[in-house]
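Structure first, commentary second.
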Amino acid sequence: MVERSIVVANPDRADIYNEWCTAFGRPPPKHLSTSFMQRALGWEAQSKQSGGLQTDIKRALQSIASGKKPKLAVPRKVATGAHLVREWNGRTYQVEVLERGFRMDGREYGSLTAIAKKITGANWSGPRFFGLKGA
């Protein structure tokens, strides 16, 4: 099913207003420009066609809109080739994610926890140290 959207050179504000009400089930906020409403309608149509936002993203946006801190789950698996960066005691550490393990300062480690211990001298959760687990 293809969503309907306005594709007119100079659409009438009333047409865009009606299209907004149809798409979102309520009138647009006051003082929105017609060009902004057109872009929002286009995005909404494209989003619906491709399946929309993920549920966790919707929840996070609703939290932000209500003035609360969003709770986003961070993916547990980090892609091979990604670089994790952490500053600790004035030094910036960069860790490369390998297919099996991690590399920091030219040395390979089997876990982020081993790297966190190397950096801090204490037993830390490596994923938490690098910000990969929810706070």
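Per residue, the chain exposes 75 Å² of solvent-accessible protein surface, assessed with a 1.4 angstrom probe and all protein chains in place. Entry note, the chain: the mean residue ellipticity at 222 nm calculated from DSSP H runs of n ≥ 4, each adding -39500 (n - 2.57), is -11500 deg cm²/dmol after division by the residues and rounding to the nearest 500. Close amide H partners of L98, meaning residues 5 or more places away or on another chain with modelled amide H under 5 Å apart, are G81, R103.
Note on region 36-95: the C-alpha convex hull projects to 7.5 nm² when averaged across all orientations. Charges were assigned to the Cβ only: +1 to each Lys and Arg, -1 to each Asp and Glu. The resulting dipole of the chain about its Cα centre is roughly 720 debye.
Treating only the Cα positions of region 19-135 as identical point scatterers, give the base-10 log of I(q)/I(0) from the Debye formula at each q in 0.10, 0.15, 0.18 Å⁻¹. So the normalised log intensities work out to -0.54, -0.80, -0.95.
Ordered by 1.4 Å accessible area with all protein chains kept, K30, K117 run largest first as K30, K117. Selection among W88, V78, T55 by position relative to the dipole of region 49-108 gives T55 as farthest towards the positive end (Cβ unit charges, Cα centre). Ordered from largest to smallest accessible area (heavy atoms of protein chains, 1.4 Å probe), the residues V85, V78 come out as V85, V78.
The values are calculated or read from the model by the stated rules, or taken from the named source; none is laboratory data. These figures come from a predicted structure and were not determined experimentally. Note: ideal-geometry Cβ built from the backbone for every residue, glycine included; neighbour counts use all protein chains shown. What goes into the accessible areas is simple: the full protein's heavy atoms, side chains included, and nothing from ligands, DNA or RNA. Shrake-Rupley method; radii C 1.70, N 1.55, O 1.52, S 1.80 Å.
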